[in-house]
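Data block below; observations after.
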Amino acid sequence: MMETVYQPCYVDSQLELLIERIYPPRVCIDNDTFKDCTLVKVDSANKHGILLEMVQVLTDLDLVISKSYISSDGGWFMDVFHVTDQLGNKLTDESLIHYIQQALCANRREGSSRTVRTCMGREMLPRHMSSEHAAAEIIGTDRPGLLSEIFAVLVDLGCNITAAVAWTHHKSAASIIYIDEGWNGGAIKDVKRLAHVQEQLENVVGAHNGLGETSSVRLTAPSAGRTHNERRLHQLMYANGDYERCRCGDDSEICKKSCTRTHVRIESCKEKGYSIINVKSRDRSKLLFDTVCALTDLQYIVFHAAVGSNGTVAYQEYFIRHIGGCILDTEFERTKLSQALVAAIERRASHGVRLELRAQNRMGLLSDLTRIFRENGLSISAINIETNGERVVGSFYVMDASGNDVDRQTVELVIKEIGGSISVVQEPPNWTARPSSAREKQGIEVTRIEDKPRFSLGNLLWSQLERLSSNFGSIRS
C-alpha cells in the first residue's frame, strides 16, 4: 500500500468559489524579460487539475512551451510558462493575449465571447460554448480498415461526420467521432435514434474481436462541459489497457545520446512527503500536456515541477503526492505509474506517412477517403479531422496493413485516385520532394520532414531548479 505522509485538507466546493472571488487568478503576459519567448505567469488559489487547465489552454492555441516552473504548495498555485507560437515568435497579437488572460481566469470565462485565430490559422471558439454535435466514443482492438468500416456505417445510417480524432497504440484503438443528422440536418437528440446508431457501431467494432479482446461504443447527445478531446483519448486508451504493454527504457541507456526511448524514474522523498518523478524522452510538441494529463487523471497532485530540454531530449521533474495524501511506496504502484506515463508520451508518437487534408466538405467525404486507403492496402494509425465552415481540414497518418512504412509509389497512386480537387500534403521522413512541375500538374504539394523534432522545449539546467522565480520562491521549499 502507499504510505500516507500528508493529510490533505478537503475544501467545500462553495468555499473554493468564494476563495476564487476573493483572490481571483492573476495572469501576467511578459514580453520584456526575454528576447526569444513570452513569459506567461499565473498565480491563483490552488485546486486539483488547475495545472492541466493552464497547459491545455496554451497547447490548444498551438503554442510551444519551452520551459515551465511550477509551485503549488500552501494552497496557492504559481507557474511560469516560457512560450512562443509554432513559428518561434513571441506573442504580440493583442486579441491572443486577451484570450489567454480570459481563458486562464475561471471567473472570467462566462463573460468571454471572443474568438481568436492561432498562428496556424485555426479558429478558437469561446471556451464556454457547448458542443452542438452527438459524440461517439469508441475503443477496441486496432485492425486495418476499422475506421473505414465505422465511417461507412455512419454514412449508411444517414449521419454526417463533422469531426473525428483517433489514436492507435499497442494494438489498441480509441476514437471520438462527432456526427449530425444528415447534411444540414442538425444535431441528433432523439434517444432511440442514438441507440440505433450505437447498436450498429457496436456490431462493426466487435465483429472481429478475438479471444479475450473487448470493445466499447458510447454515443451521447450534444452537451456542454465535455472533456477535452485529447484528454478523453488518453482516458479511453488507458481504460483499454494499452499502458500494460509499456516498458520504461533501461537505466543503462539513459545517458546515451542515441537513446530515444522514454525513461521514468520514481523516488521517494519521505522527509519532504513527496514522490519525485524524473522523465527523460524525445522532445516534441504537447509533451507537457500529455504527461500532466496522465498524472491528473490518475489522481496525483503536482506540488513542484520543472520542465525543459537539452537539444532533442526533454526532461521533466515532478514532486507529487496522491490526492489522498500518499506517496508511492510500493514497487507495484511505481511500476503502474511508470507504465501510464510512458503510454501517455508514446500514444501521440506519429507512425507512418502524414497526409494533410484540405477539401470542400460534403456528405460521405471521410467514408470515401478511408475506403480508398483501405482498398490500396493503407491502414490509419492516427487521424485528426474537423470541419471549418464549408471546408474540412486535418491529417491522417497511414501505414501499410502490416504496420510498416508505405512506399512512395503507393501514396502517389492513392493521391491520383483521390483526385486533384483535394489538396494533400505528404510528409514522409525520408522522401525527396518531386519537381515543382510535377506537383503543379496534380495540384499536390509535397514537403519533406527532417527526422528530428520540429520544436524544442529549450535548455533545462537542473542546477537552477531552486531559482524558480524571484516572486514565486524556491521549487524545493
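The values are calculated or read from the model by the stated rules, or taken from the named source; none is laboratory data. Computed from a prediction, not measured in an experiment: that's the story for all the values here. Neighbour counts run over all protein chains shown; Cβ positions are idealised from the backbone, glycine included. When the accessible area is computed, the model is the full protein with side chains, heavy atoms only, and any ligands, DNA or RNA have been set aside. Shrake-Rupley method; radii C 1.70, N 1.55, O 1.52, S 1.80 Å.
Suppose we filter region 143-169 for residues that are of a type outside the set (S, T, N, Q), over 25 Å from ASP242 (Cβ atoms) and under 25 Å from the mean Cα position of the chain (by Cα); how many remain?
Adding up the residues that qualify gives 0.
Starting from residues that are in contact with a Lys or Arg (Cβ under 6 Å, 6 or more places away or on another chain) and surrounded by 18 or more Cβ atoms within 10 Å (Cβ to Cβ), keep the ones in region 31-56 and report whichever is farthest from PHE81 (Cα to Cα).
Per the stated criteria, the residue is ASP43.
Among the listed residues ARG358, ARG371, which satisfies the condition of being open to solvent by 70 Å² or more (accessible area, probe 1.4 Å) and modelled with pLDDT of 90 or more?
Only one candidate passes the filter, namely ARG371.
Among the residues of region 278-287, which ones are open to solvent by less than 10 Å² (accessible area, probe 1.4 Å) and in contact with a helix residue (DSSP H, G or I) (Cβ under 8 Å, 6 or more places away or on another chain)?
Passing the criteria: VAL279, SER281, LEU287.
If I filter region 35-90 down to residues being over 20 Å from ARG348 (Cβ atoms), in contact with a helix residue (DSSP H, G or I) (Cβ under 7 Å, 6 or more places away or on another chain) and in a strand (DSSP E or B), which single residue comes out as modelled with the highest pLDDT?
VAL40
Scan region 390-413 residue by residue and report those that are within 19 Å of TYR178 (Cα to Cα) and open to solvent by 70 Å² or more (accessible area, probe 1.4 Å).
Across region 390-413, the qualifying residues are GLU390, ARG391.
Looking only at region 385-418, how many residues end up being in contact with a helix residue (DSSP H, G or I) (Cβ under 9 Å, 6 or more places away or on another chain) and either free of Cβ contacts under 8 Å to residues at least 24 places away in the same chain or part of a strand (DSSP E or B) (or both)?
The number of residues fulfilling the criteria is 6.
Looking at GLU110, GLU132, GLU123, can you tell me which residue is acidic (Asp, Glu), at pLDDT below 90 and under 23 Å from GLU356 (Cβ atoms)?
Being acidic (Asp, Glu), at pLDDT below 90 and under 23 Å from GLU356 (Cβ atoms) holds for just one of GLU110, GLU132, GLU123, which is GLU123.
Starting from residues that are surrounded by 15 or more Cβ atoms within 10 Å (Cβ to Cβ) and among the aliphatic types (A, V, I, L, M), keep the ones in region 195-216 and report whichever is nearest to ARG143 (Cα to Cα).
VAL205
Exactly one condition in (1) surrounded by 13 or more Cβ atoms within 10 Å (Cβ to Cβ); (2) of a type in the set (S, T, N, Q); (3) out of contact with any Lys or Arg (no Cβ under 7 Å at 6 or more places or on another chain) is false for ASN184; which is it?
Checking ASN184 against (1) surrounded by 13 or more Cβ atoms within 10 Å (Cβ to Cβ); (2) of a type in the set (S, T, N, Q); (3) out of contact with any Lys or Arg (no Cβ under 7 Å at 6 or more places or on another chain), the one that fails is (1).
State whether the residues of region 338-351 include one that is more than 30 Å from SER268 (Cα to Cα) and under 23 Å from the mean Cα position of the chain (by Cα).
yes
Can you tell me which residue is nearest to SER44 (Cα to Cα) among those in region 320-354 that are open to solvent by less than 10 Å² (accessible area, probe 1.4 Å) and in a strand (DSSP E or B)?
Taking the candidates together, the pick is ILE320.
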